[in-house]
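K.L.:
Okay, handing you the structure first.
The values are calculated or read from the model by the stated rules, or taken from the named source; none is laboratory data. None of the values given here were measured: they were computed from a predicted structure. Here the Cβ positions follow ideal geometry from the backbone for every residue, glycine too, while neighbour counts run over all protein chains shown. What goes into the accessible areas is simple: the full protein's heavy atoms, side chains included, and nothing from ligands, DNA or RNA. Shrake-Rupley method; radii C 1.70, N 1.55, O 1.52, S 1.80 Å.
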Amino acid sequence: MKILVVDDEIGIRAVIKEYLENEQYEVIEAENGREAIQVVESHEIDLIIMDIMMPIMDGFTACKEIIKKKRVPIIMLSARTEEYDKLLGFDLGIDDYITKPFSPKELVARVKAVLKRNTSYLNDIFTYNALEVNFKAHTITIDSKEIKTTPKEYELLCFFIHNPNIALSREQLLSNVWGYDFFGDDRTVDTHIKMLRNNLGIYRDLIQTVRSVGYKFEIEK
C-alpha cells in the first residue's frame, strides 16, 4: 500500500518513512499541504499522515481540499493537544489524531488499524433496489447516479450495511467508525446521521432511530 507522509520537518518524515518501510509500505513524502494535494491528484494513495502546522498550506486546509476530491483515510499529526483541534479534524473527516511527540511504533499500529477499517469491505457490492454501494470503488449510487458524501458518512453507511437490523448505540458507532474515545456529547453521530439521511434521499428511512439506544439499518431479511 502507498502512504503519503506530509510534514515540514524532514527528520520526522525520515523516522516515519523508516518505520513504515519496515512494514513493507511504500512511502511518498511532501513538506506542505499544497504538495500533498498535488501528490494525491497524481498518485493512488491509500492513506495520508499529515501534520497540521506547516508553511504555505496547513494540514486542515489541505484535508478540506483532499476530501472534496477523494476518499482517502487521513491520520493527523499535531503538537497541539486542544480538544477543539481534535474535534475539528474529526468533523472534517479525518480517521485518527496523534499528538507530538509520538511513538513511531504506535503510529504504525494506528496506520494498520485505519487501513483495516477502510479496506475490510473490499471486493464486495451492496445493492438494495436502486441503491448500490461499491466497497472497492468507495462509491454510493442511486439509479446509477453517484451520491456525494463525506468520508465519515460513507464509513457510517458501510458499518450499518455490515450490521443490518441491529440496534447500534452512539458509543458503538463512535468506537467503530471514528475509532477513538469520544469525550463529548453524542451530537457528532447525530449530525453525521442527519447528513447521511439527506444524501440517501428516498432511502433515508433505511436508517431508523431507536429510542433510548441509537440507530438501526433496517432492511428486509
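K.L.:
Which residues, counting only those in segment 72-85, are part of a loop (DSSP other than H, G, I, E, B) and open to solvent by 60 Å² or more (accessible area, probe 1.4 Å)? Let's see the steps before the verdict.
P.N.:
From segment 72-85, those part of a loop (DSSP other than H, G, I, E, B) are 72-73, 79-82; that's our starting set.
Passing the criteria: Ala79, Arg80, Thr81, Glu82.
K.L.:
Take the residues of segment 143-163 that are touching a helix residue (DSSP H, G or I) at 6+ places or on another chain (Cβ under 9 Å) and in a loop (DSSP other than H, G, I, E, B): which is most open to solvent (accessible area, probe 1.4 Å)?
P.N.:
Taking segment 143-163 first, the residues touching a helix residue (DSSP H, G or I) at 6+ places or on another chain (Cβ under 9 Å) are 147-160, 163.
Then keep just the ones that are in a loop (DSSP other than H, G, I, E, B); that gives 147-150, 163.
Details: Ile147: 30, Lys148: 149, Thr149: 26, Thr150: 46, Asn163: 38 Å².
Step by step, filter segment 143-163, then rank; the result is Lys148.
K.L.:
Still on this structure: Among residues belonging to segment 92-115 that are within 10 Å of the chain's Cα centre (by Cα) and either open to solvent by 40 Å² or more (accessible area, probe 1.4 Å) or among the acidic types (Asp, Glu) (or both), point out the one that is modelled with the highest pLDDT.
P.N.:
Within segment 92-115, the match that is modelled with the highest pLDDT is Asp96.
K.L.:
Please work out if Tyr180 is in contact with a Cys (Cβ under 7 Å, 6 or more places away or on another chain) and at pLDDT below 90.
P.N.:
No, not satisfied.
K.L.:
Among (1) closer than 13 Å to Leu77 by Cβ; (2) at pLDDT 95 or above; (3) touching a helix residue (DSSP H, G or I) at 6+ places or on another chain (Cβ under 6 Å), there is one condition Asp51 misses while meeting the rest; what is its number?
P.N.:
Of (1) closer than 13 Å to Leu77 by Cβ; (2) at pLDDT 95 or above; (3) touching a helix residue (DSSP H, G or I) at 6+ places or on another chain (Cβ under 6 Å), only one is false for Asp51: (2).
K.L.:
Is it true that Ala36 is touching a residue at least 24 places away in the same chain (Cβ under 8 Å), in a helix (DSSP H, G or I) and more than 25 Å from Leu196 (Cβ to Cβ)? Write out each step before concluding.
P.N.:
On the way: touching a residue at least 24 places away in the same chain (Cβ under 8 Å): yes; in a helix (DSSP H, G or I): yes; more than 25 Å from Leu196 (Cβ to Cβ): yes.
Judged against the criteria, Ala36 is a match.
K.L.:
Quick one: in segment 21-30, which of the residues that are open to solvent by less than 90 Å² (accessible area, probe 1.4 Å) and part of a loop (DSSP other than H, G, I, E, B) is farthest from Met57 (Cα to Cα)?
P.N.:
Only one residue fits best here, namely Glu23.
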